[in-house]
Structures are given as structure tokens and as C-alpha cells.
Amino acid sequence: MNNYHFIINARFLTQNITGVQRFAIEISKQLKNILGDKVQFVSAKNIIHTELAKELDVKVVGNLTGHLWEQIDLPYFLSKNGKPLLLNLANTAPIFYKNKVVTVYDLAFYHHPEWFSKKFALSYNLLIPKILKNSKHILTDSEFIKQEMMEVYKLSESKIDVVYGAHSDIFENKLSQREHFALAVGSIDPRKNLKNIIDIFANHTEYSLMIVGQQNKVFSSLSVDDLSEDIKFTGYVSDEELVELYNRASLFIYPSFYEGFGIPPLEAQSCGCPVIASNVASLPEVCGDSVVYCNPYSVEDIAEKIKMVLEDEALQNELRVKGFENIKRFSWEESAKKIVDVIERLR
């Protein structure tokens, strides 16, 4: 084990891909490119992203899965192999293993426990403070979240580094003919504020709304069958399908109440799609002057901004140009190099 710079907790390969797993996967691929055999990925046995596991040369350890694997099998394996530095890229980590770096993406579980199941909110509010306290260093995905962490958990600024997300290479502008629909992308949960834009497009005749994301109990009060035929839920789609949708949509809407970073606006911009985004949390930091901002708490303001962009071709073109400039600020490779620098400081 001592030949390795560090070990990476690859439990994220056993999970469905949301923003957190996307970040972990892209960073891991870059770290593998940079460090080669100097980094070892370890995971529980229930891997669902098998091709990625092969690409990263993942070592399966232990017999447990889920949180039990992370809290029992993983630290046992590390203790038996010289207690190397452990990099955790998906919020959670072995609580009592201290030679570790942890990545926490936002504090939604702290600010808005009502957005989550009681079990999830309770477990994260118990686990995360202990994990942060017992880590050598902490990574997060925006200055906004760094400041929140310092305030909420009384952490010193020197213990936290910001590592930005980015868009993946597959997302590119294909100069497609734009169609008469707006697009929203994200896991379907209360923070994404989809109810407001559904209400807006339920009364919109010229443009339809397409929502990409998994449906769950969040929409238990909404009967999808009763919605206007101009509002479509796709469920989960592949990256290839998502690229096509970004390239066909006339507008991308990201009216989220709270984000630690927010990768979808960058994906949309890389595909030449104009963006409307919330003016809260980390989004102004990520989007700069490249989007039209809306107040996520005002249906009237969101509706006004949607109408403004869809009816102004010159504004759409301006947003495309600014979007292409904005995405240049973010790179998975540069973010991975920053993590390597952090690790080198700790070794």
C-alpha cells in the first residue's frame, strides 16, 4: 500500500448517477490519468458501473455493502494496509478513520431536512459533522458552500479547499435546429423547484416543457396523467440522449432553490442552449453574467424571464456566446490537479 499516493473510496460506483456521482466519476477518471498506478480505487462488491470500474482498475474489498461497507469493511481494509490517506468523493466516509479527505457538496440536509426522507436527513445530520471533524482536510464545490461550512460547523478556512465541477466532453454544440420546447434537468426533488415551472408551462401554448429526471414520491401530489400534454417527463436518459435534448431545446431552465454547484447549466451552455438560472446559493458564482437570472420564489418572475428569453432571438444568441465563454472557466483536469496538490500537501 505504501507505493500508492492515496486510496479512493469508490463506493460511488455502486450508486445511480446524480450530480455527486458525476463529480466523483469525472474527477476519478482524471486522477487515474494523472497518477496511474499511484492511486488505488476500492469498492464494495455491488458495483453497477462495471465499465468504469474496469477503467479505474477498482479493487473489491469486504463482503458488506452500502454504509456498513463504508463504516466496517473499508476502514478494516485500510488498517490492515498501513492506514494510507483515503480520498472520499461522495459526501460520506468512514467516521472514525482519521487519515482521510472528504468531499461534501452542500448542506441541504442541514438547511432543509424537509426536502429529504426523515431517515436520510437524520443520518446525514448525525454523520456529516463527525466526518468533517475527523477528516484531515475537506473539499467542496463552491466558495458559497465553503463559507456555509465555516459558519455552520465552525471550521477554519485553511481546512477547506474549493474544487469546481465542470461539464463532460460528451456535451457539445451540434448546431442542431432548435425546437419549441424548454428543458429542465435534475433529480426530481423539492429543491429543483419544478412545480413552479410546471405551473407556468401548463398555461403556455407555443412552447412545451420537457423534464429529465427520475420521478419519486416528491410528485405524489401531482398526477402526471392530468398534466397538460405540453409537459413531458422523460425519466432517466443516457448522456447521449441528454446531449441531443440540450441541442434541440430553445431554453434550459434551472430554477433551483439551492445548489452547491450545479453542473447542468454548464452542460446546457456547452451545447449552445441559452440558460435561465436561479439568483441564489452558488449559481451566480458558477454562471457569472452568462445567464438570465430569476427569483426561484416568484412564479411571476420566472414566467417573465422565460417569456423574455423565448421572444428575443438576439438575447438567445448573446446567451449562447456568453455560455461558451463561461464553460472555459471550468475543467475536470484542472480540478483533479488541484486535488493532487491538496493530497501532496497532506502527505
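The values are calculated or read from the model by the stated rules, or taken from the named source; none is laboratory data. Please read all numbers here as calculations on a predicted model, not as lab measurements. Positions of Cβ are backbone-derived with ideal geometry, glycine not excepted, and every protein chain shown enters the neighbour counts.
A few remarks follow.
- Subset of region 114-166 (residues that are under 22 Å from P265 (Cα atoms) and in contact with a Phe, Trp or Tyr (Cβ under 6 Å, 6 or more places away or on another chain)): D141, S142, Y164, G165, A166
- Residues satisfying the stated conditions in region 44-80, i.e. in contact (Cβ under 8 Å) with a residue 40 or more places away in the chain, surrounded by fewer than 19 Cβ atoms within 10 Å (Cβ to Cβ) and touching a strand residue (DSSP E or B) at 6+ places or on another chain (Cβ under 8 Å): A53
- All told, I131 meets the bar of being crowded, with 18+ Cβ neighbours inside 10 Å and either closer than 30 Å to A249 by Cα or out of contact with any Lys or Arg (no Cβ under 7 Å at 6 or more places or on another chain) (or both).
- Some residue of region 112-119 being surrounded by 17 or more Cβ atoms within 10 Å (Cβ to Cβ) and at pLDDT 95 or above: no
- Qualifying residue in region 255-271 (condition: free of Cβ contacts under 8 Å to residues at least 60 places away in the same chain and part of a loop (DSSP other than H, G, I, E, B)): no
- Subset of region 152-168 that is of a type in the set (S, T, Y) and part of a loop (DSSP other than H, G, I, E, B) - its residue that is farthest from the chain's Cα centre (by Cα): S156
- The strands (runs of 3 or more DSSP E) found wholly in region 184-254 include none carrying at least 3 residues that are of a type in the set (A, V, I, L, M), buried (at least 21 other Cβ atoms within 10 Å of the Cβ) and modelled with pLDDT under 90.
- With respect to being surrounded by fewer than 18 Cβ atoms within 10 Å (Cβ to Cβ), modelled with pLDDT of 95 or more and farther than 25 Å from E334 by Cα, I34 falls outside the description.
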